[in-house]
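So the structure is just underneath, and the comments pick up after that.
Read-outs throughout are calculated quantities, based only on the coordinates presented, and are distinct from any laboratory measurement. The structure presented is a predicted model; accordingly, all values stated were derived computationally and were not measured. Cβ atoms come from the backbone with ideal geometry, glycine included; neighbour counts cover every protein chain shown.
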Amino acid sequence: MEKSKNISDHKKLSFLNRINNQILFLFGLISITCLFSDYYFKSSNLTISFISTALISSVITFIGLHKLKKVKIKQIIREEGPKNHFLKQGTPTMGGIFFIPVGIIISNILYFNKDNYKIILTLSFIIIFFMLIGFIDDFLSLKKQLNTGLKSNQKLILQFFISLVFIIICASNNLIPDDIQIANTIVHVGNIIYPLGIFVLLAESNSTNLTDGLDGLLSGCSVLIFTGLAITILIENPNNNWTLAPLCIVMAGSCMGFLFLNKHPAKLFMGDSGSLAIGASLGGIALISNNLWSLLIMGGILAAESISVIIQVSIFKITKHLTGKGHKIFLMTPLHHHFELKGNNEIIIVGSFWVATLLLVIINLIFFIKS
């Protein structure tokens, strides 16, 4: 019995060492990427922005964690989820209200009195309001002691309204283009960009919300995607260092700081206040910088998580209507739960999704460098 316990403890320690190595590798990779970008693009100042934001975010989140513990803001685990997730019951949540504002405040300081400051103000608007929608959802969930706060249609209506206001502000300030770039092709969409923009914001924020289901999964993928967007923007416009690239890297740093506490076993969850804000910022930046195609490629994992849910629900409803009994394609959705129920360790799933995201970011960057 003692021998079995020792083997189990050794295995657990091995997995914990693995996730620590993954975190250090991710932090080092982004730091080196920023250093290279600063050298190549001449004073884009990404390195200082990333490291300083990561440190500030980590400290603020750590302080916030103790505040949340005092007021007993704890995660509610849904009953239909994987059984091993009940071990996470009681972990503090709503971490998004700490690390998201860090990214917003620092980006506003960086851009203050710069030519593009109105872009940051506009993006700050949608990020803050999506964070507030998530906060309301998290608060109601805790109040009801259920895993759901706002009803899905209530959340969607609020997201739609804020997205519409954001698109109107962008249109009145000529912040979004009439043409979108798909691979090497420029497609003129005209006024279609407005409903398309709303769709992107809704789809991206809900994709990030679905992806936030394992320790460090969304925060790690977000660090990579934000960094990929920053480098893509610099490649497109190397003569303009004060583009949206610093905002992307600040958001990457903000997520990185949170990841230190969100890694397995998570001491803090971001909640909807974090996941919805991350999705809104990714969608908003991609719209304004005309990088929707790049976001689609680099955010492949986010898309796969959403698509798995759509496929599962659609197949279940169709087969139930036709045969009287609903059938499932996946053991459980979103996709990461399917791999969990297949017997894969959470750390391995998260690491694999990070690697997949990293490869997608590299593919996108290679495409832009060649074109």
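Numerical summary
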item: Restraint check, LYS155/LYS325; LYS70/LYS263; LYS72/LYS263; LYS155/LYS267; LYS69/LYS263, Cα-Cα greater than 23 Å; result: LYS155/LYS325; LYS155/LYS267
item: Label-point gap, in nm, between ASP115 and VAL71 - each point 7 angstrom along Cα→Cβ; result: 4.3
item: Exposed-site-free run, longest, the chain (rule: GluC sites (Glu not before Pro); DSSP loop; at most 14 other C-beta within 10 Å); result: 81-371
item: Cα gyration tensor, the stretch 126-254 - rounded (a/c under 1.5), prolate or oblate; result: oblate
item: GNM result for the chain, Cα springs below 10 Å: residue of ASP115, ASP38, ASP137 fluctuating most strongly; result: ASP115
item: FRET efficiency, 1/(1 + (r/R0)^6) with R0 30 Å, evaluated for ALA356 and VAL59 via beta carbons; result: 0.45
item: Cα-centre dipole for the stretch 2-370 with unit charges at Cβ (Lys and Arg positive, Asp and Glu negative), debye to 20; result: 1300
item: Theoretical FRET efficiency, 1/(1+(r/R0)^6), r = Cβ-Cβ of HIS321 and TYR40, R0 51 Å, to 0.05; result: 0.35
item: Virtual paramagnetic centre 7 Å along Cα→Cβ of HIS188, amide N under 18 Å, in the stretch 156-177; result: 176-177
item: Residue with peak Gaussian network fluctuation, the chain [Cα springs, cutoff 10 Å], from LYS342, LYS67, LYS325; result: LYS325
item: Compactness relative to 2.2 N^0.38 Å, alpha carbon Rg of the chain; result: 0.98
item: Segment ASP179-ILE32, length gained on full extension (0.36 nm per residue, minus Cα span); result: 49.6 nm
item: The stretch 154-247: chymotrypsin sites (Phe, Trp or Tyr not before Pro) falling in loop per DSSP and having at most 11 other Cβ within 10 Å; result: none
item: Value at 222 nm in deg cm²/dmol, rounded to 500, when DSSP H runs of n ≥ 4 in the chain each add -39,500 (n - 2.57); result: -25000 deg cm²/dmol
